[in-house]
Amino acid sequence: MLEQTFIHIPGIGRRTEYELWRAGVTSWDYFADFFTQPAAISRALRRRLETHIPQSIEARQRKDAGFFRRLSVLGEAWRLFPAFADQCVYLDIETTGLSPVFDTVTMVGLFDGCRYDVFIDGENLQNLPERLKQYSVVVTFNGAGFDLRFLKLAFKSLELPPIHIDLRWLTRRLGYRGGLKAIEKEFGICRDKSVEDLDGHEATVLWSRHLRGDRTALKELIAYNSEDVVHLKAIMEMAYDKLAKQVSGCLWDRKEMYVGIGALPKMPGVRKRIAPSSSKTLVAQLLERSKLPSPKIVGIDLTGSERRATGWAMLQGGRAETKSIVTDEDLFEETVAAKPALVSIDSPLSVPEGWDRAQKQTISGAPIYRKCELALKRMGISVFWCLLPSMQALTMRGMRLAEKLRQQGLQVIESYPGAAQDILGIPRKGASLEELKWGLHRAGVNGRYLKNRVTHDEVDAITSALVGLFYLADDYIGLGTPAEDYLIVPRSPKINYSRLAEILSQTGLDQLNAIETGGLECKLGVQPPAFAH
């Protein structure tokens, strides 16, 4: 299709291209004979063709994909595929989550049509940029919105291949909707039974199991990733055949690109993960830096009403005890009786600037969200606006509880377990409650919760208490403003501080200071705080 393409030439659009095809100029190789015949073609168009077609032929011969970048801008990069199939790589990444600020790349799979290579965090991920320089075209599914965006943040000087083909938008042009697995089914592609039920959430759980030393988990994650990239090749070929037929009609014969899905490539060997050399857990390190020796910290995962039990936890040293508490009175009395140095509550504890709490209404059209919530959304963290109708009861309950506890002389902060778990590289409860529990254990939090049956809310309450320990150790970031108060999240070397600073500035939140960032920048190979196994 590339040799039949003319829209990469400046000044030529799809209509002019189609008119050229109908006039007999169906290939760059035929244009010389065409110009020896009378034709209704403007001199300006003739000059463009005479100038750019020889350049195009030369660029194709020397395999210069960058010459055809205009096709990417026009959404027509797929036309290059047959001419550059031997310089094409299919790419898919795995991450700890969806936030380009708090989450990191754990694995990248590359498939060149014959060979599959995997780049793993903590092993060889730093070699990825050099490998990508070998290719002219990179094919992804939703890479523009996810894969390549993550990689550009992880590698500040990353040089991607000059042409990117995103199959999400290519297949949508053909009328298909949904994620990669849905598209695979539409194209008649089946996955191996061992990985057919896996999804992105399960991938984060497999990575967590790998961090625990489970070698089979890493093998399973690699198998899942390898099927992704191998199937990208099949979808690319089938999509190309469909689009070439759609665009050209019957103006010339075409060679079909898709001939079937080949056998899966040989899987690379997997080395056993070596436990961190540090004998100190994350909790032990935070306790050393804490303002108070072995402080008592209460974590509360508050629910919207007394109809549903609230998760409650008390963290002292490296041990956590949990309960489920129903009424506001019991919640207050249990917390005060614990005599904690700090209370960390998972609930909005303030309202947007401009909200009249007494009248329960906004003033002059003030938003129903706080700036910290908007910032979290921009970071890719799922969060509900504090004054949504479904959230107002929780927000008001949290504010009442915080105010009452502060009247008793207790220090209270707002936390968000989900964001903290993302930062610490621990799967959320929605992915796996068991892996969440063991992630907290690796961080140094022990207790009966590990083996006893506890609720999701109790485990999130432990996470809230852990955020409180970060706070007491001055190892935290405050997201907010003086008018709207602050949401506390842990500080970590894995955070992309440059991107975080951009989002805070765009949202109008207080900017980070040297204490909050610790002078840290997001650098590949910098590991999260060490977990002892």
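Would you say Arg191 is charged (D, E, K, R), surrounded by fewer than 13 Cβ atoms within 10 Å (Cβ to Cβ), assigned to a loop (DSSP other than H, G, I, E, B) and out of contact with any Gly (no Cβ under 6 Å at 6 or more places or on another chain)?
no
Conditions: (1) closer than 28 Å to Glu435 by Cβ; (2) out of contact with any helix residue (DSSP H, G or I) (no Cβ under 6 Å at 6 or more places or on another chain); (3) assigned to a loop (DSSP other than H, G, I, E, B). Leu151 meets all but one. Number of the miss?
Condition (3) is where Leu151 drops out.
Spot the failing condition for Leu125; the list is (1) of a type outside the set (Lys, Arg); (2) surrounded by fewer than 18 Cβ atoms within 10 Å (Cβ to Cβ); (3) modelled with pLDDT of 90 or more, and only one is missed.
(2)
So, Ile495, is that one surrounded by 20 or more Cβ atoms within 10 Å (Cβ to Cβ) and either at pLDDT below 95 or in a loop (DSSP other than H, G, I, E, B) (or both) or not?
Yes: the conditions hold for Ile495.
Is it the case, given these coordinates, that Arg442 is closer than 15 Å to Ser347 by Cα, part of a helix (DSSP H, G or I) and of a type in the set (Lys, Arg)?
Working: closer than 15 Å to Ser347 by Cα: no; part of a helix (DSSP H, G or I): yes; of a type in the set (Lys, Arg): yes.
No: the conditions fail for Arg442.
Does Gly145 count as within 16 Å of the chain's Cα centre (by Cα) and modelled with pLDDT under 90?
So Gly145 fails the test.
Residue pairs, Cβ under 7 Å, 6 or more apart or interchain, first in the stretch 327-350 and closer than 9 Å to Leu410 by Cβ, second aromatic (Phe, Trp, Tyr) and modelled with pLDDT of 95 or more. List them.
From residues that are closer than 9 Å to Leu410 by Cβ, the pairs are Leu342/Tyr471.
Of everything in the stretch 408-438 that's at pLDDT 95 or above and either farther than 18 Å from Ser344 by Cβ or among the hydrophobic types (A, V, I, L, M, F, W, C) (or both), which residue is surrounded by the fewest Cβ atoms within 10 Å (Cβ to Cβ)?
Here the answer is Leu410.
Would you please list the contacts, defined by Cβ atoms under 8 Å and residues six or more apart or on different chains, that run from a residue in the stretch 439-457 that is assigned by TED's automatic domain parsing to the domain that holds Val326 and surrounded by 18 or more Cβ atoms within 10 Å (Cβ to Cβ) to a residue that is at pLDDT 95 or above and in a loop (DSSP other than H, G, I, E, B)?
The qualifying pairs are Thr455/Ala309; Asp457/Thr303; Asp457/Ala309.
Do the conditions hold for Asp474, that is, is it of a type in the set (D, E, K, R), at pLDDT below 95 and on the phi > 0 side of the Ramachandran plot?
Working: of a type in the set (D, E, K, R): yes; at pLDDT below 95: yes; on the phi > 0 side of the Ramachandran plot: yes.
Yes; evaluated as a whole, the condition is true for this residue.
Of the residues Val139, Val118, only one is in a strand (DSSP E or B), touching a Cys at 6+ places or on another chain (Cβ under 7 Å), aliphatic (A, V, I, L, M) and touching a residue at least 60 places away in the same chain (Cβ under 8 Å); which?
On the way: Val118 fails: touching a Cys at 6+ places or on another chain (Cβ under 7 Å).
Sole residue among the options that is in a strand (DSSP E or B), touching a Cys at 6+ places or on another chain (Cβ under 7 Å), aliphatic (A, V, I, L, M) and touching a residue at least 60 places away in the same chain (Cβ under 8 Å): Val139.
Could you check the stretch 55-91 and list, in sequence order, the residues that are more than 30 Å from Arg115 (Cα to Cα) and either modelled with pLDDT under 90 or under 36 Å from the mean Cα position of the chain (by Cα) (or both)?
Scanning the stretch 55-91 gives a single hit, Leu74.
The values are calculated or read from the model by the stated rules, or taken from the named source; none is laboratory data. Quick caveat: nothing in here was measured; it's all calculated off a predicted structure. Cβ coordinates were reconstructed from backbone atoms using ideal geometry, including for glycine residues, and neighbour counts include every protein chain displayed.
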